[in-house]
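The values are calculated or read from the model by the stated rules, or taken from the named source; none is laboratory data. Computed from a predicted structure; not experimentally measured. Glycine also receives a Cβ, built like all others from the backbone with ideal geometry; neighbour counts cover every protein chain displayed. Just the protein is used for accessible areas: all its heavy atoms, side chains included, with ligands, DNA and RNA removed. Shrake-Rupley method; radii C 1.70, N 1.55, O 1.52, S 1.80 Å.
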Amino acid sequence: MDIKTIIKKYKLKSFYISKTRNKKTLFAREMDRIFLSILIFVILNLLFIFRWDNLYFSIILSLIFSILIYFILRIKEKKDMKKAKEITTEKIAEEIIYNDLLNRSMEKFQEFFISLFEGLGFDTKEDYKNDEIYIEIYKSDIKIGVSLLQYSMDYSVNESIIRNFFIKLKKNNINKGIIISTSNFSTESIDLVNRLEKYKKIDLINMKDIMCLTKKTKLFPKEKEIENYILNKINIKTKTIKKEVKSIISTDNWSKYLITGIAILIFGQFTVLHIYYSIISIILFSLASVSLIKKIIYYFYGNKNEQTKYSYDFIYKD
């Protein structure tokens, strides 16, 4: 196993485990285990020395217990990791499918659900006209009309859409209806569906339900695709942090930090919080020093002929 694969696996594990309840990274968890094991070793060692007055025996026994606690915590982390991976994979897969569906044309959006229902064992018939995405699916003697809504998550399907779809089902003498939306349904629309149930059965399918159906077909993202998506998110986040750090110690900011630091230092002498203001001033002076040193280095050693580098990361949707 090469170093790149090891780093990749570590990044993925750290990402999965950071999505648990306490949101700690692998490194933070390792530090917690080591600290707790050392603390237990010291406490037990003191207790055993006091009890048996035997230094070597106390050290050995305390070491055994502390190592045991360490490995118990490691086993617990493995279980947490497995659970975190399942939950995170589910969320990332939903994010991938959601982004994919929103970025499709209306025809491609319809094709996705045709493939979905065919994968579930239905026969399909497409009907695309007047900016409406609609398909009909068949199984045995059952004919089902399916309305497809390509909406973002911040939009809720309202009752007028439900009402128009109900009229269409009745007009075409269709047994049952399904409304699939990449967003959610309003409370009013759900209430209307419940009231219409005695006339015509209509099922409402949101993004969570799409995920459940997709799992049963080949359309669900593969593990490799999910891992690459996660690594891309991590890389984008890392680049953003680097960019922010670079802007903080920008060569153009040294005078601002210096002037602000002096002003805060002077103002702080007239308040009861002068120690706090002095600390802030020291931080600003440090930033000013780093920025100024960076400016001097760039002035004497910087490549003036370096061409401007352009970033195309903006084309990737996070």
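When you scan segment 48-57, do you find a residue that is within 18 Å of residue 76 (Cα to Cα) and open to solvent by less than 100 Å² (accessible area, probe 1.4 Å), even just one?
Within segment 48-57, none of the residues are within 18 Å of residue 76 (Cα to Cα) and open to solvent by less than 100 Å² (accessible area, probe 1.4 Å).
When you go through (1) hydroxyl-bearing (Ser, Thr, Tyr); (2) out of contact with any strand residue (DSSP E or B) (no Cβ under 9 Å at 6 or more places or on another chain); (3) under 24 Å from residue 102 (Cα atoms); (4) surrounded by fewer than 13 Cβ atoms within 10 Å (Cβ to Cβ) one by one for residue 187, which number turns out not to apply?
(2)
Name the pairs: first residue in segment 185-205 and touching a residue at least 24 places away in the same chain (Cβ under 8 Å), second residue of a type in the set (Asp, Glu) and exposed (fewer than 15 other Cβ atoms within 10 Å of the Cβ), Cβ to Cβ under 9 Å, at least 6 apart or on different chains?
Cβ pairs passing all conditions: 193/203; 203/209.
Going by the conditions given, is residue 71 within 30 Å of residue 24 (Cβ to Cβ), aromatic (Phe, Trp, Tyr), assigned to a helix (DSSP H, G or I) and out of contact with any Lys or Arg (no Cβ under 8 Å at 6 or more places or on another chain)?
yes
Among the residues of segment 41-51, is any in contact (Cβ under 8 Å) with a residue 24 or more places away in the chain, farther than 29 Å from residue 230 by Cα and assigned to a helix (DSSP H, G or I)?
yes
Collect the residues in segment 218-243 that are within 27 Å of residue 111 (Cβ to Cβ) and open to solvent by 100 Å² or more (accessible area, probe 1.4 Å), keeping them in residue-number order.
Correct list: 218, 222, 223, 224.
Given the options 108, 139, 78, name the one that is more than 30 Å from residue 169 (Cα to Cα) and open to solvent by 50 Å² or more (accessible area, probe 1.4 Å).
78
Check off (1) without any contact (Cβ under 8 Å) to a residue 60 or more places away in the chain; (2) assigned to a helix (DSSP H, G or I); (3) open to solvent by 100 Å² or more (accessible area, probe 1.4 Å); (4) not hydrophobic (A, V, I, L, M, F, W, C) for residue 33 and give me the number that stays unchecked.
(3)
Quick check on my filter: what residues within segment 244-269 are modelled with pLDDT under 80 and open to solvent by 60 Å² or more (accessible area, probe 1.4 Å)?
Once the filter is applied, which keeps residues that are modelled with pLDDT under 80 and open to solvent by 60 Å² or more (accessible area, probe 1.4 Å), segment 244-269 yields 244, 245, 246, 247, 248, 252, 254.
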